[in-house]
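J.: First the structure, which I've put down as structure tokens, then a few questions once you've had a look.
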Amino acid sequence: MSKAFDILVIGGGPGGYVAAIRAAQLGFTVACCESNPYADPRGKPRLGGTCLNVGCIPSKALLHTSHLFSEAARNFSGQGIEISALTINVAKMLARKNAIVDRLTDGISMLFKKNKVAFLPGHGAFIGKAANGWKLTVGKDEVEAKQVIIATGSKARHLPNVPVDNKIVCDNIGALDIDTVPKRLLIIGAGAIGLEMGSVWSRLGAEVTILEAMPDFLAVADIDVAKEALKIFTKQGLAIHTGVTIGEVKVGKKNVTVSYADRNGKAVRVEADRLIVSIGRIPNTEGLNADAVGLQVNDRGQIEVDAHCKTNLAGVWAIGDIARGPMLAHKAMEEGAQVAELIAGQAGHVNLDAIPSVIYTNPEIAWVGRTEQQLKAEGTDYKAGRIPFLANGRALGMDAPEGFVKILADAKTDRILGVHIIGAGASELISEATVAMEFAGASEDLARICHAHPTLSETLHEAALACDKRALHF
Ligand code: FAD
Ligand code: NAI
């Protein structure tokens with residue numbers, strides 16, 4: 001006898017667990033299966049997916065500890081705080097990070113119990129159609145569900161012929177568990193992971209080199225933000241080389257040597273104690289038995305969906321990293337709620353044009369909407385307001401004068417088209433910009449809203465005023 005549910009969610013990451021909880025809130029019988037045991041000492045699959053186990057949460061814990069260390073080492077004395085000896089206990093730093101992960105993943109299990117979501121440990125795969133929906137296997141069990149939500153996420157892309165042992169050559173999993181500060185750390189890929197993990201270990205004393213294939217640094221960000229970031233990160237000690245072509249990677253017992261051609265084609269060899277490969281992620285469709293049921297997967301490995309996350313199969317949905325759009329936890333969560341609500345006949349909706357992006361370096365980088373280079377390429381007539389944090393009293397008090405806020409608005413209608421921030425607190429400030437954009441706000445709307453003083457948010461206010469060439473404090 002197979003178990004039967006209204007909805008089976010495959011994958012317990014931020015997309016899957018939110019979909020399951022929201023669907024249960026809406027009165028459905030829901031099960032969520034999860035197969036990855038990550039690092040659970042009990043040997044059981046853990047909920048939370050990449051984000052909680054080996055992504056967002058552990059990386060932010062390490063970024064916080066290393067930020068405090070770096071502030072103490074470099075900036076405290078300028079404020080009159082003298083420290084004579086400063087050391088980092090890496091084991092303790094990792095234990096703290098692991099405790100946060102344990103707490104949050106256990107928290108999802110508790111939320112499942114509270115909302116009566118059945119947790120089915122095991123790998124989910126399609127068998128075929130059932131009388132009323134779909135028949136699947138979860139581990140050795142058979143499960144029937146009227147609707148299936150695929151939230152199987154993604155895994156690290158590796159370099160061809162360079163096996164990841166998560167000791168000398170790491171992907172995100174090993175990068176979050178490096179147990180001593182490497183003397184020399186090499187990172188391939190100057191994206192979100194490369195910059196965040198490079199920052200962690202550089203702050204703790206490693207010599208960090210980052211090799212990036214693209215000719216431009218951080219091409220996904222606004223061009224001014226990318227330029228400012230490169231300047232600041234280089235000053236912090238990150239050696240970032242763009243336009244490289246990676247050649248041979250030789251892995252020894254205690255070190256690794258990477259040969260590459262630099263942007264001028266010159267052959268270079270670099271040796272390091274550890275290598276982190278962070279060159280993007282690939283969607284997890286392995287073992288889903290997608291072909292057998294005719295589930296459409298595109299040439300990037302993503303499950304094809306429409307604007308409502310519907311796949312080509314009736315009653316089958318796909319959300320989060322497995323589907324198009326940015327690979328971000330908050331995007332996955334929003335789609336989880338969207339699909340649950342659509343199944344319930346409600347008007348679930350996610351605006352992919354207003355998903356904020358954040359890189360948690362110091363200073364933080366955050367943006368939402370179009371970049372200046374995109375607006376130029378599209379031929380949109382726009383105006384810009386840009387204000388540096390140097391002109392903000394709170395930023396100076398916090399010893400955080402670096403960076404700026406830049407608002408791009410339509411030249412005719414004044415509608416905000418993009419907001420780009422590099423500076424302290426950017427990850428929080430971007431929410432105000434996202435709200436403004438979701439309400440189809442104009443720069444004048446932000447300019448007319450009273451912002452508390454002294455706060456970093458006043459820089460956003462001033463940038464909005466600057467769109468109309470009437471900044472008051474710059
Ligand atoms: P996932 O979180 O990948 O979860 C999918 C789950 O499905 C996994 O647990 C997997 O084991 C399971 N699964 C797969 N196939 C099956 C199957 N057939 N049966 C059962 N279970 C299955 N995003 C942010 O927004 N902010 C950040 O700060 C951030 N930092 C990151 C840092 C790092 C180092 C990494 C690697 C990623 C980071 N991300 C961040 C991205 C974020 O983790 C992902 O976008 C997010 O986890 C995607 O959620 P998801 O639910 O789609 O998939
Ligand atoms: P990424 O897509 O952010 O960056 C990968 C970088 O590697 C790109 O700049 C790319 O040009 C480069 N690259 C690709 N192939 C290369 C090669 N052969 N040689 C040299 N460079 C190469 O991917 P990353 O950093 O692996 O992170 C994966 C995803 O996880 C991100 O795209 C993001 O969606 C998510 N993430 C989000 C974070 C956040 O929101 N703060 C933090 C970390 C990850």
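Computed from the coordinates by the stated procedures, all read-outs in this text should not be read as laboratory data. Keep in mind that what you see is a predicted model, and the values were worked out from it rather than measured. Neighbour counts are summed over all protein chains in view; Cβ atoms, including those assigned to glycine, are modelled from backbone coordinates with ideal geometry.
J.: In whole angstrom, note down how far apart the Cα centers of region 369-421 and region 160-215 are.
T.: Here the two parts' Cα centres lie 31 Å apart.
J.: Which distance in nm do the two modelled labels at residue 310 and residue 127 give, with both placed 7 Å along the Cα-to-Cβ direction?
T.: 2.7
J.: I would also like to ask the following. For the chain, with the dipole built from +1 on Lys and Arg beta-carbon atoms and -1 on Asp and Glu ones, taken about the Cα centre, which of 347, 65, 440 lies farthest toward the positive end?
T.: Farthest along the dipole direction, towards plus: 65.
J.: If you don't mind, there's one more thing I want to ask. Would you work out the charge dipole size for the chain about its Cα centre, treating the Cβ of every Lys and Arg as +1 and the Cβ of every Asp and Glu as -1, and quote it to the nearest 20 debye?
T.: Numbers: 50 positive and 51 negative charges, 212 e Å.
Charge dipole, the chain, about its Cα centre: 1020 debye, nearest 20.
J.: Once both labels are modelled 7 Å past Cα along the beta-carbon direction, what's the residue 472-residue 157 spacing in nm?
T.: Calculated label separation equals 4.7 nm.
J.: Something else now. Just to compare against my own numbers: the Cα pair-distance distribution for region 1-103, 5 Å bins, whole % per bin, please.
T.: P(r) over region 1-103, rounded to whole percents: 2, 11, 16, 14, 13, 11, 8, 7, 6, 5, 3, 2, 1, 0, 0.
J.: Tell me, what HN-Hα J-couplings in whole Hz come from the Karplus equation 6.51 cos²θ - 1.76 cosθ + 1.60 at θ = phi - 60° for each residue of region 329-338, using x for Gly and Pro?
T.: In residue order, the calculated couplings are 4, 5, 5, 4, 5, 4, 5, x, 5, 4 Hz.
J.: Sticking with this one: Spelling out what I want: for every residue of region 188-193, take phi, set θ = phi - 60°, compute 6.51 cos²θ - 1.76 cosθ + 1.60 (Karplus), and round to whole Hz; glycine and proline get x.
T.: With coefficients 6.51, -1.76 and 1.60, one gets 9, x, 9, x, 4, 5 Hz.
J.: Moving on to the next point. Relative contact order of the chain: what whole-number percent is it, with Cα pairs under 8 angstrom and at least 6 residues apart?
T.: 14
J.: May I ask which residue of 169, 189, 112 lies farthest towards the positive end of the charge dipole of region 106-222, with charges of +1 (Lys, Arg) and -1 (Asp, Glu) on Cβ and the Cα centre as origin?
T.: Among 169, 189, 112, the one farthest towards the positive end of the dipole of region 106-222 is 112.
J.: What three numbers, in Å, describe the spread of the alpha carbons of region 84-137 along their principal axes, ordered from the longest?
T.: So the three principal-axis extents are 72, 25, 12 Å.
J.: Going by the alpha-carbon gyration tensor, a ≥ b ≥ c the square roots of its eigenvalues, is the chain rounded (a/c under 1.5) or, if a/c is not under 1.5, prolate (a/b greater than b/c) versus oblate? Could you put the intermediate results ahead of the total?
T.: Values: a/c = 1.72, a/b = 1.25, b/c = 1.38.
It comes out oblate by the Cα gyration axes.
J.: Here's something else I'd like to know. Taking neighbour Cβ counts within 10 Å as the exposure measure, how do 56, 51 sort from fewest upward?
T.: Working: 56 20, 51 24.
The order, fewest Cβ neighbours first, is 56, 51.
J.: Stretch residue 428-residue 448 to full length: gain in nm at 0.36 nm per residue minus the Cα-Cα span?
T.: Working it through step by step, the gained length comes to 5.2 nm.
J.: Report, by chain and number, residues whose modeled amide H sits under 5 Å from the one on residue 297, excluding near sequence neighbours (fewer than 5 apart, same chain).
T.: 304
J.: Rounding to the nearest 20 debye, state how big the charge dipole of region 1-124 is about its Cα centre with +1 on each Lys and Arg Cβ and -1 on each Asp and Glu Cβ.
T.: Values: 14 positive and 7 negative charges, 55 e Å.
For region 1-124, the charge dipole is close to 260 debye.
J.: Further question on the same structure: What ranking do 404, 439 get, fewest neighbouring Cβ atoms within 10 angstrom at the top?
T.: Ascending number of Cβ neighbours within 10 Å: 439, 404.
J.: How large is ³J(HN,Hα) for each residue in region 284-293, as worked out from phi by the Karplus curve 6.51 cos²θ - 1.76 cosθ + 1.60 (θ = phi - 60°), to whole Hz, x for Gly and Pro?
T.: 3J(HN,Hα) across region 284-293, in whole Hz: 8, 10, 4, x, 7, 6, 4, 4, 4, 9.
J.: Can you tell me the relative contact order of region 246-290? Whole percent, Cα pairs under 8 Å, sequence separation 6 or more.
T.: Answer for region 246-290 is 26 percent.
J.: From the Cα gyration tensor of region 253-306, with a ≥ b ≥ c the square roots of its eigenvalues, which class applies: rounded if a/c is under 1.5, or else prolate if a/b is larger than b/c, or else oblate?
T.: Prolate is the answer for region 253-306, as a/c is 1.5 or above and a/b outweighs b/c.
J.: While we're on this one: Calculate, in nm to one decimal, what residue 415 and residue 179 gain on full extension: separation in residues at 0.36 nm each, minus their alpha carbon distance. Before the final figure, lay out each step's value.
T.: On the way: separation 236, 0.36 × 236 = 84.96 nm, distance 4.87 nm.
Going from the current span to full extension adds 80.1 nm.
J.: Ranking 327, 197 by Cβ neighbours within 10 Å, fewest first, what do you get?
T.: Going from least to most buried by this count: 327, 197.
J.: Take every DSSP beta bridge with both residues inside the chain and express the antiparallel ones as a percent of the total, to the nearest 5.
T.: Antiparallel bridges make up about 60 percent of those DSSP assigns within the chain.
J.: Write down Rg/Rh for region 124-228, rounded to two decimals, with Rg from the C-alpha atoms and Rh from the Kirkwood relation over Cα pairs. Don't jump to the answer; show the numbers that get you there.
T.: Working: Rg = 20.6 Å, Rh = 17.4 Å.
In region 124-228, Rg relative to Rh is 1.19.
J.: Once you charge only the Cβ atoms, +1 for Lys and Arg and -1 for Asp and Glu, what is the size of the charge dipole of region 307-400 about its Cα centre, to the nearest 20 debye?
T.: 160
J.: Hey, what number do you get for the chain at 222 nm if only DSSP H runs of n ≥ 4 count, each worth -39500 (n - 2.57), divided across all residues, to the nearest 500?
T.: Calculated from helices alone, the mean residue ellipticity at 222 nm is -9500 deg cm²/dmol.
J.: Could you tell me how many cubic angstrom of Cα convex hull volume region 333-430 has per residue?
T.: 132
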